[in-house]
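Below: the structure, in structure tokens.
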Amino acid sequence: MKFVIIGGDAAGMSAASKAKRNDDKLEVTVLEATTDVSYSACGMPYNVADAGRVMDDLVVRRAEVFREKQGIDLKLGYVARAIDRGRKKVIGVMAGKDPFEVQYDKLLIATGARPVTLDIPGADLPGVHVLKTLYDGRGIKDYLVSKKVKTVLIVGTGYIGLEMAEAFHARGINVVMVDILSRLLPWLPQEMAGVVEKELGDKGVEVHLGVKLKSLEQYGSGLRVFLEDKEFLVDMVLMATGIVPNSELAADAGLKIGPKNSIAVDKSLHTSDDDIFAAGDCADAFHVVTGNRVWIPLALRANRAGWAVADNVTGRDVKLEGIVGSAVFKVLDIEVARTGLSSSEAAEAGFDPVEALIKSRSRAHAHPGNQTIHVNLIADKKTGKLLGGCIIGKEGAALRIDSLAVALHAGMTTEQFFQCDMAYAPPFSPVWDPLLTAANQLLKNL
């Protein structure tokens with residue numbers, strides 16, 4: 001059987017490797033448009049922060065390893081242009097010129113996502129960068145050195161924008177951030193978002209919210225930035241305004257499309273064609289809390305979905321129940337974590353959300369190094385069922401979110417969660433863990 005995969009990063013190479021482990025006689029072909037496969041994209045901001053590291057440190061496994069040790073036919077520079085479902089062929093071009101056709105019995109679309117680009121004058125000027133691929137990361141690191149960058153404008157205050165603000169700050173670069181949104185991280189309660197914004201200000205990061213970037217123009221070796229009400233000079237611009245799924249191949253082939261133009265898949269990762277799967281940042285998922293289709297592109301889902309596709313292709317019946325949108329990132333010295341629904345998302349999904357917001361400590365009250373932790377928990381008024389929450393703090397916030405994520409997967413009520421036997425020792429938590437304190441307050445509010 002011929003198993004063909006379009007895309008050679010997280011979902012694609014996870015599927016290829018596991019498929020060969022499951023069945024070493026399976027013919028596995030991967031078509032990758034770039035020259036990079038199997039790398040830790042999430043590590044790029046931290047790599048940028050360290051001038052002494054090369055970007056290729058993030059490569060997990062090189063192409064020749066897949067070919068020589070696993071017997072995967074990995075083709076680099078192969079750009080898929082169309083899927084002929086009738087003839088079961090992928091059609092494209094090699095390195096942008098010579099045409100190719102590859103026959104498949106089973107096909108996985110793992111084409112990922114691409115950065116959103118702003119349609120403004122100057123968006124294509126030298127010095128304007130995005131960060132999505134290893135190629136982008138190399139370009140940014142080279143530019144910082146070759147142009148002796150002292151000031152960077154980051155457009156967008158999402159995960160990548162905030163992580164890159166930390167990376168540039170670590171290299172002694174002045175950072176200015178702008179966003180059309182009127183507040184930072186709108187899914188956080190205002191009090192918690194204010195803590196993050198204060199951290200940025202305290203570290204010298206200049207943040208302009210509720211403003212629109214109108215245009216850019218070349219000015220000497222740098223760029224002149226035009227906002228609605230001001231202009232200034234920078235050495236470099238990073239566009240971090242979000243991503244969109246690369247779903248055009250699927251749409252053009254007549255496959256069903258899901259939320260935000262992602263590729264619709266069932267719990268077995270099948271598309272609307274039984275012989276075609278989709279996984280990774282191009283595909284949707286089911287939200288465990290709501291049961292609805294969502295597009296929340298994150299690394300663990302991509303790898304897990306790739307494994308599930310491989311199992312299903314090789315005759316094992318594997319279904320993924322879904323996701324709860326767990327995410328964590330660091331902004332300078334602040335850990336930010338979330339899972340499940342925000343209060344507004346819960347209301348939109350038809351719940352009657354009740355929430356609690358508490359301030360606690362990361363360690364026992366008399367233990368040295370104690371830090372403040374903010375916890376927000378949300379539940380449904382009618383059933384008491386937990387719907388989501390978020391945690392921020394200088395320590396102990398990031399991994400605490402996993403307890404709440406497990407509770408959401410288990411469908412726990414607030415009362416059930418409050419009864420959980422959580423570990424305690426003074427260096428790690430108060431006797432009443434901050435999550436339990438928040439659950440107790442939420443029970444009162446319910």
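Rule-based calculations on the coordinates, nothing more; no lab input. None of these values were measured; they are calculated from a predicted model. Neighbour counts are summed over all protein chains in view; Cβ atoms, including those assigned to glycine, are modelled from backbone coordinates with ideal geometry.
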**OP:** Determine the percent antiparallel among the DSSP beta bridges restricted to the chain, to the nearest 5.
**Re:** 65 percent
Original post:
Sorting 262, 344, 182 on the 10 Å Cβ count, fewest up front, what's the list?
Top reply: 182, 344, 262
Subject >> Antiparallel %, DSSP beta bridges [both residues in the stretch 91-194], to 5 >> reply: 45 percent
Original post:
In the calculated pair distance distribution of the stretch 349-433, what percentage of Cα-Cα distances lie above 17 Å?
Top reply: 49 percent
**OP:** Treating the Cα atoms of the chain as identical point scatterers in vacuum, please give the log10 of the normalised Debye intensity I(q)/I(0) at q = 0.08, 0.13 Å⁻¹, two decimals.
**Re:** -0.52, -1.26
Original post:
How big, on average over all directions, is the shadow cast by the Cα convex hull of the stretch 117-239, in nm²?
Top reply: 7.4 nm²
Original post:
Once label points are set 7 Å from the Cα along Cα→Cβ at both residue 23 and residue 87, what is their separation, rounded to one decimal in nm?
Top reply: 2.5 nm
**OP:** Mind telling me which of 405, 285, 347 comes out most flexible in a GNM of the chain, alpha-carbon contacts under 10 Å?
**Re:** 347
Original post:
Expressed as a rounded percentage, what relative contact order does the chain have, with Cα pairs under 8 Å and six or more residues apart?
Top reply: 14 percent
**OP:** Sticking with the crude label model, points 7 Å out along Cα→Cβ, report the distance from residue 217 to residue 79 in nm, one decimal please.
**Re:** 3.3 nm
Subject >> Sorted by Cβ neighbour density within 10 Å, fewest at the top, the residues 332, 184 >> reply: 332, 184
**OP:** Once you have the Cα-Cα distance between residue 125 and residue 267, take 0.36 nm times their residue separation minus that, and quote the gain in nm to one decimal.
**Re:** 46.8 nm
**OP:** Could you work out the mean projected area of the convex hull around the alpha carbons of the stretch 30-113, in square nanometres to one decimal?
**Re:** 6.9 nm²
**OP:** Between 327, 170, 15, find the one with the highest GNM mean-square fluctuation for the chain; connect C-alpha pairs within less than 10 Å.
**Re:** 170
**OP:** Starting from the Cα-Cα distance between residue 299 and residue 428, subtract it from 0.36 nm times their residue separation and give me the gain in nm to one decimal.
**Re:** 43.7 nm
Subject >> Percent of C-alpha pairs per 5 Å bin, the stretch 289-446, short to long >> reply: 2, 9, 17, 20, 18, 14, 10, 6, 3, 1, 0, 0
**OP:** With springs only between Cα atoms under 10 Å apart, run a GNM on the chain and tell me which of 27, 199, 191 wobbles the most.
**Re:** 191
Subject >> For peptides 372-380, 248-256, sequence by mean Cβ density within 10 Å, most packed first >> reply: 372-380, 248-256
